[in-house]
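The values are calculated or read from the model by the stated rules, or taken from the named source; none is laboratory data. This is a predicted model, so every value here is computed, not measured. No Cβ is skipped: glycine too gets one built from the backbone with ideal geometry, and neighbour counts run over all protein chains shown. Surface areas here come from the heavy atoms of the whole protein model, side chains and all, with no ligands, DNA or RNA. Shrake-Rupley method; radii C 1.70, N 1.55, O 1.52, S 1.80 Å.
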Amino acid sequence: MTPAPLQATAQAQPNIALVKYWGKRDAALNLPAAGSLSITLDALHTRTSVCFDASLAADDIVLNGERDAAQARKVGTFLDLFRARAGVTTRAHIESRNDFPTGAGLASSASGFAALAVAADRALGLGLDAAYLSALARRGSGSAARSIFGGFVEMAAGVRGDGEDARATPLLAADAWPLEVVIAITTRAKKSISSSAGMQASQRTSPYYRDWVATVPHDLDAARAAVQARDFDKLADVSEASCLAMHAVMLATRPGLIYWNGATLDCIQCIRSLQMMGTGVFYTVDAGPQVKAVCLPDAVPRVRGALQNISGVEEVLVSGLGEGARVVEDATACT
Ligand code: PMV
């Protein structure tokens, strides 16, 4: 048997949900209450190196150049899932970097845990398949299960108590329907309430939570069919409805979860005007104030131009659809 390399580096990209995930059926195993559907981006990257080192007494975790105790605990617990499978207790150095704002509604936890799962699997020589890695990535962040795959991806809620069927599967490759995403960044500040805490608050207090969960399977069927038929208008319709329904649940949470700012709403109104003029674009917004405008390729210049003129929009990024998480560099020993 080839010895495990001990060290590996992986890259993953964030994904944007078109049918949203908001709610858990089990908080300990991080099992979603319903399925979701997403697109993986290609222009925003997380790169994560994992190096298992027998001389370390504790994990050493550096995220975007900083050591943060709360994040380190979360990452260390996540790594334990891999150590347990490998039958080792060796601690690790982890270095992870995003080339986009972290914790501001750009799905940095999705790409972060997907990259970490792939790097840890390779470094420990586990050789887990992508489906299994997706279920493990979910333990770090629900949306991370989707960033294991590229293009259009569907996440299953699953029914098993152990969560092994709560994992993503690829629906359609990125190049099979090359949509583009224009992202309007309206602030670089970190959000005040994490998705996990927000979801649990909605579950406890939002009067619309149960109805929301009940609508998701129908939205998933409609979105899946739209993707399979490359029907942009149908995908637009279901995606905007899913986004607004999720935000309605958030707003009705006590205290209310308002992730938007004024520019968020201005961007949505601008996209609605562009739609009325026949532009192939629709919007979606996650647990943060950034607006993601999903476009047919020929609509990109017009959408980018319109969004960057809105007061409060700090920057506009454009991304196509990309691949899933993958190993990008290997070494045979820790460096
Ligand atoms: O994966 P989490 O725990 O960061 O939650 C993601 C929640 C949303 O981004 C709002 C929706 C989604 O499906 O990605």
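Between residues in region 66-84 that are in contact (Cβ under 8 Å) with a residue 24 or more places away in the chain and residues that are open to solvent by 70 Å² or more (accessible area, probe 1.4 Å) and among the hydroxyl-bearing types (Ser, Thr, Tyr), which pairs lie under 9 Å by C-beta distance while being six or more apart or on different chains?
From region 66-84, the pairs are ARG83/THR89.
Taking the residues in region 177-220 that are in a loop (DSSP other than H, G, I, E, B) and open to solvent by less than 30 Å² (accessible area, probe 1.4 Å) as candidates, determine which candidate is farthest from the ligand (Cβ to nearest atom). Full working, then the answer.
Quick first cut of region 177-220, residues in a loop (DSSP other than H, G, I, E, B) only: 177-179, 186-194, 206-208.
Now restrict to residues that are open to solvent by less than 30 Å² (accessible area, probe 1.4 Å): 177, 179, 186, 206.
Working: TRP177: 20, LEU179: 17, THR186: 16, SER206: 14 Å.
Step by step, filter region 177-220, then rank; the result is TRP177.
Look through LEU29, LEU37 and report the one residue that is within 16 Å of the ligand (Cβ to nearest atom), closer than 18 Å to ARG138 by Cα, over 13 Å from the mean Cα position of the chain (by Cα) and of a type outside the set (Gly, Ala, Ser).
Numbers: LEU37 fails: over 13 Å from the mean Cα position of the chain (by Cα).
Sole residue among the options that is within 16 Å of the ligand (Cβ to nearest atom), closer than 18 Å to ARG138 by Cα, over 13 Å from the mean Cα position of the chain (by Cα) and of a type outside the set (Gly, Ala, Ser): LEU29.
For (1) closer than 30 Å to ALA131 by Cα; (2) modelled with pLDDT of 95 or more, each residue gets a yes or a no:
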position	(1), (2)
SER242	yes, yes
THR253	no, yes
GLY256	no, yes
MET277	no, yes
TYR283	yes, yes
ARG302	no, yes
LEU321	yes, yes
ALA331	yes, no
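Starting from region 196-221, take each residue that is closer than 13 Å to ALA245 by Cβ and of a type in the set (D, E, K, R) and list its partners that are open to solvent by less than 30 Å² (accessible area, probe 1.4 Å) and assigned to a helix (DSSP H, G or I), counting only C-beta distances under 7 angstrom and pairs at least six apart or across chains.
From region 196-221, the pairs are ASP219/VAL238; ASP219/SER242.
Given (1) open to solvent by 40 Å² or more (accessible area, probe 1.4 Å); (2) within 13 Å of the ligand (Cβ to nearest atom); (3) over 13 Å from the mean Cα position of the chain (by Cα), where does SER109 come up short, assuming only one miss?
Only one criterion in (1) open to solvent by 40 Å² or more (accessible area, probe 1.4 Å); (2) within 13 Å of the ligand (Cβ to nearest atom); (3) over 13 Å from the mean Cα position of the chain (by Cα) is unmet by SER109, namely (3).
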